[in-house]
1. Which residue is surrounded by the most Cβ atoms within 10 Å (Cβ to Cβ), if the candidates are limited to the stretch 146-179 and must be within 11 Å of the ligand (Cβ to nearest atom) and assigned to a helix (DSSP H, G or I)?
2. Among the numbered criteria (1) under 16 Å from G8 (Cα atoms); (2) crowded, with 20+ Cβ neighbours inside 10 Å, which one does A255 miss?
3. Given the criteria within 16 Å of the ligand (Cβ to nearest atom) and in contact with a strand residue (DSSP E or B) (Cβ under 8 Å, 6 or more places away or on another chain), does A286 qualify?
4. Name the residues in the stretch 45-66 that are assigned to a loop (DSSP other than H, G, I, E, B), among the β-branched types (V, I, T) and under 18 Å from R301 (Cα atoms), would you?
5. Given (1) at pLDDT below 90; (2) within 16 Å of the ligand (Cβ to nearest atom), where does L116 come up short, assuming only one miss?
Amino acid sequence: MLLTTIAGSLPKPSWLAKPGVLWAPWSLSGPALAEGKRDAVLVALREQETAGIDIVTDGEQSRQHFVHGFLEAIEGVDFARRVTIGIRADRYKAEVRPMTIVDTLADEYYRDRRRLAMEFARVINEEARELAVLGLDVLQLDEPAFNVYMDDVRAWGIDALHRAIEGLPCKTAVHICYGYGIKANVDWKATLGGEWRQYEQTFPALAASRIDQVSVECANSRVPLALLGLLKGKDVLVGAVDVATAAIETPEEVAATIRSVLPFVPPERLYACTNCGMVPLARDVARGKLRALAAGAALVRKELGVRA
Ligand code: ZN
């Protein structure tokens, strides 16, 4: 009960990629890069274990970007020819799992977002099945686009998620969020008003889905926590660590965020998590936040008289 985990990414060591830069270029190449990625995953696992995180991830050490890293290996995606498109309803001008990939890609073949999403979902599913055979316990999909295209979420977003998790024996999670602490996110969030109610439409669709867990930011978030009640029956990965600030939370602050969610999520369904990926942070800050997360969850477990 009240186990801890993270929303995917951790900062990379400076010998692997340029520090302090989002989507940083690799510092290595060829076989040295492949070896460096594997070594960095071991470091990321060790750092999570040392901090006391219960369910650990690969820290996303082997990909430069959460969409590009996946697309790079797919035949039919032309990486040599990048174009600038507006993504997340023009929130970012940039070139970047199924809906989020589709939103990031300039489609010149299918010309149909739903068909394109289903095709990517099929490819993701192939990879996920391979990971499950290797012993994966939880597959976490990343869908930051789920708070932008609410009609598409209902029309085909959930179907695409289902296609991506088809036949998987492991637990499945989806991370939805309002983004990292980068300027485009911060500026966009400032336009959303005092309450972020986008999930009022997304949560019921996710509650009715076959996804087991939903990861959502709750630390310094303007998502009304009562909305979490709409996720009844799902595990909720409660973001109790803010990734948009270098200030390290105290365990008491983490515990306060977890407590604030308890009226809406029963403790047996609650996992303490980070708001989003920690890749943009300095490594010592990320380590401090991991420790605070574990210590904060331990405080609440103690209050509730439960053991991890
Ligand atoms: Zn996120």
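The values are calculated or read from the model by the stated rules, or taken from the named source; none is laboratory data. In this text, all values refer to a predicted model and were calculated from it rather than measured experimentally. So basically every Cβ, Gly included, is an ideal-geometry build from the backbone, and we count neighbours across all protein chains shown.
1. F146
2. Every listed condition holds for A255 apart from (1).
3. Numbers: within 16 Å of the ligand (Cβ to nearest atom): yes; in contact with a strand residue (DSSP E or B) (Cβ under 8 Å, 6 or more places away or on another chain): no.
Considered against the rule, which asks whether it is within 16 Å of the ligand (Cβ to nearest atom) and in contact with a strand residue (DSSP E or B) (Cβ under 8 Å, 6 or more places away or on another chain), A286 comes out as no.
4. Let us first name the residues in the stretch 45-66 that are assigned to a loop (DSSP other than H, G, I, E, B), namely 52-54, 56-66.
Pick out the ones that are also among the β-branched types (V, I, T) and you get 53, 56-57.
Within the stretch 45-66, I53 is the sole residue that qualifies.
5. Unmet condition: (2).
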